[in-house]
Amino acid sequence: MAELAAVVGIGQTKYQTKRIDVSIAGLVREAARNALDDAGLDWDDIDAVILGKAPDMFEGVVMPELYLTDALGCNGKPMLRVHTAGSVGGSTAIVAASYVQSGVFKRVLTVSFEKQSESNAMWALSNPQPFSPHLNAGAGGYFAPIIREYMRRSGAPYDVGIKVATKDRKHALRNPNAHLHLEDISMAMVEESPMLWDPIRFLEACPSSDGACSMVIAHESLVGDSPRAPAWIRGTAVRSEPTMYAGREEVNPQAGRDCAADVYKQAGISDPRKDLDCAEVYVPFSWYEPMWLENLGFAPEGEGWKLTMEGVTSLDEGGDTPWNCSGGVLSSNPIGASGMIRFAEAALQVRNDAGEHQVEGAKTALGHAYGGGAQFFAMWIVSADKP
Amino acid sequence: MSEDKTGITMMDAPIYLDYNFTAGSATSRFLHGLKQGVLIGQRCPGCDAVYVPARGSCARCGVATGEDVVLSDKATVESFTIVYIPIPGNPIKPPYIIANVVPDGANISFIHLISECNNEDVRIGQRVQAVWKPESEWTYAMDNIIYFKPIDEADIDPEQIGR
């Protein structure tokens, strides 16, 4: 990367089932305004806006970017919309960062959102296709067989997913923005929740949320204009691969491994578990924590579940590399924003500003997102230390 | 007449979408095969993998597939899920089993229903066979196969499925 860039402002909405008090425009503006206030800036200080969201079918509003221009203060300014399915929040932040790192813009506002209450994502993901029986049962129906194959290969105990689901909901109790605040969450409660897509239980799946997340990314020369500690962007990477090809490794996708190797190299990470203080990783179904622990190199193949069971990823258990201290996607899932929330929460951690879910002394953190049939990956590493 | 000024927070505004699907040559042959009660795949000239439904290219090698391969309607369960919720727009009643099945002779799976069995008996590596609708009802669709049912053959080693 040619130029240095940092996150200087972070804004989120409270995530919840329905935001009936605001339109989509009101929702994105709220997050953007929060990010500008956090950065001590105003609309005029922004050079361009990079917007992300998941498929238009999720709200039924086609090309929402066309009507969100004014709500995001970018009349007469460059405005681009990014789309990479569920990973879009992450890749949108990376597009925004890349514009600053390339020197094209000095200060970019990036926003992503989903207002799931306005339509039905399960329906949007379950459309009949002419060459296939109409049996695609949402994201859970797609990922459940892949999880089953992971369980077979690894020989992991049946309750690893239950542990992840419980751990992330406990983390969420520390985060006022989290959608789910399940005060009496326990492994028994998760285990007794109804099976949806065997082996995925109701409480092992993410909720449907309304919400938006926003960041201001500034060039090194303008970082001093904002009052908060900057989160320096140390590396960014995006990878993709086709959904289906013969011999495709679906449990431990090549694109994820390549993306991680790239971002680690940029940030000088040789041992992610040791070198990263915490991570915000896209885990929409509980078993994806052990699967991504392996894909991201925190554990050898087949052994990610051991870290989960040992409490390594738990803030409450004092683990050495807590994952999803915010509560993660399992606790808040405005789909288009979910990736950006991971990136923003990583930034909050390294600027020591995550409140009750702060990892003490965190200096370096990973933000991660994936989407489609686990075929789009976006990752960044942010640090309190200027490179 | 009094005027109600409470906030309007949600209005139903349905979108209807009809679209035309251009199948292309490879998928056309696959769909014509289904009309005859046959699964037709295509072999990749680069890696020899057989794709079904044939979509015209091998996504791994980035080359066109050309050679048609007639496949058995026997298959192996690669993985599966038991679904306890309905599919929007599909009258199927839960719980039902959706499996990724690899037809004999192919190197990739597609999804279909498994039936005529106890749900708890379905397993990775299990052998299954297509149950077809009556010939008079065959059309250009995968729905010509109603579901796959278990058959009395030895399980396949999971590491060998689709190899």
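The values are calculated or read from the model by the stated rules, or taken from the named source; none is laboratory data. Quick caveat, the model's predicted, so the values are computed rather than measured. Note that we place each Cβ from the backbone using ideal geometry, even for glycine, and neighbour counts take in every protein chain shown.
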Candidate set from the stretch B:73-125 (those that are under 15 Å from the mean Cα position of the chain (by Cα) and polar (S, T, N, Q)); member that is surrounded by the most Cβ atoms within 10 Å (Cβ to Cβ):
B:81
Criterion violated by residue A:115 - all others in (1) of a type outside the set (Phe, Trp, Tyr); (2) more than 13 Å from chain B (Cβ to nearest Cβ); (3) touching a strand residue (DSSP E or B) at 6+ places or on another chain (Cβ under 9 Å) satisfied:
(2)
Select from the stretch A:17-39 the residues that are among the polar types (S, T, N, Q) and either outside any loop (DSSP other than H, G, I, E, B) or within 19 Å of the chain's Cα centre (by Cα) (or both) and write down the one among them that is nearest to residue A:70 (Cα to Cα).
A:34
Any hit, the stretch B:86-95, residues being under 17 Å from residue A:195 (Cα atoms) and touching a Ser or Thr at 6+ places or on another chain (Cβ under 7 Å):
yes
Filtering the stretch A:118-141 down to residues that are out of contact with any strand residue (DSSP E or B) (no Cβ under 9 Å at 6 or more places or on another chain) and closer than 18 Å to residue A:206 by Cβ yields A:119, A:120, A:122, A:123, A:124, A:125, A:126
Would you check which residues across the stretch A:84-104 are of a type in the set (A, V, I, L, M) and in a helix (DSSP H, G or I) and list them?
A:88, A:93, A:94, A:95, A:96, A:97, A:100
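What are the residues in the stretch A:137-166 that are within 21 Å of residue A:55 (Cα to Cα) and facing another protein chain (nearest Cβ under 7 Å), if any?
A:137, A:141
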With the first residue restricted to the stretch B:42-61 and required to be over 18 Å from residue A:241 (Cβ atoms), and the second required to be of a type in the set (Lys, Arg), Cβ contacts under 7 Å at 6 or more apart or on different chains are B:50/B:43; B:54/B:29
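On the basis of being touching a Pro at 6+ places or on another chain (Cβ under 9 Å), in a loop (DSSP other than H, G, I, E, B), surrounded by 21 or more Cβ atoms within 10 Å (Cβ to Cβ) and of a type in the set (Ser, Thr, Tyr), does residue A:326 make the cut? Give the derivation first.
Details: touching a Pro at 6+ places or on another chain (Cβ under 9 Å): no; in a loop (DSSP other than H, G, I, E, B): yes; surrounded by 21 or more Cβ atoms within 10 Å (Cβ to Cβ): yes; of a type in the set (Ser, Thr, Tyr): yes.
The answer is no for residue A:326.
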Scan the stretch B:6-33 for residues that are surrounded by 10 or more Cβ atoms within 10 Å (Cβ to Cβ), small (Gly, Ala, Ser) and at negative phi and jot them down.
B:23, B:25, B:26, B:28, B:33
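Residues are listed down the side, and each one gets a yes or a no for (1) on the phi > 0 side of the Ramachandran plot; (2) surrounded by fewer than 24 Cβ atoms within 10 Å (Cβ to Cβ); (3) basic (Lys, Arg):
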| residue | (1), (2), (3) |
| --- | --- |
| A:283 | no, no, no |
| A:288 | no, no, no |
| A:297 | yes, yes, no |
| A:310 | no, yes, no |
| A:336 | no, no, no |
| A:343 | no, no, no |
| A:368 | no, no, no |
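To keep it simple, each residue is scored yes or no on (1) buried (at least 18 other Cβ atoms within 10 Å of the Cβ); (2) under 17 Å from residue A:217 (Cα atoms); (3) hydrophobic (A, V, I, L, M, F, W, C); (4) modelled with pLDDT of 95 or more.
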position	(1), (2), (3), (4)
A:2	no, yes, yes, no
A:8	yes, yes, yes, yes
A:11	yes, yes, no, yes
A:17	no, no, no, yes
A:20	no, no, yes, no
A:38	yes, yes, no, yes
A:48	yes, yes, yes, yes
Taking residue A:62, is it in a loop (DSSP other than H, G, I, E, B) and touching a helix residue (DSSP H, G or I) at 6+ places or on another chain (Cβ under 9 Å)?
yes
Hey, does the stretch A:172-192 have a residue that's under 16 Å from the mean Cα position of the chain (by Cα), part of a helix (DSSP H, G or I) and surrounded by 24 or more Cβ atoms within 10 Å (Cβ to Cβ)?
yes
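Looking at A:84, A:69, A:92, can you tell me which residue is in contact with a helix residue (DSSP H, G or I) (Cβ under 9 Å, 6 or more places away or on another chain), over 30 Å from residue B:112 (Cα atoms) and among the polar types (S, T, N, Q)?
From the options A:84, A:69, A:92, the qualifying one is A:92.
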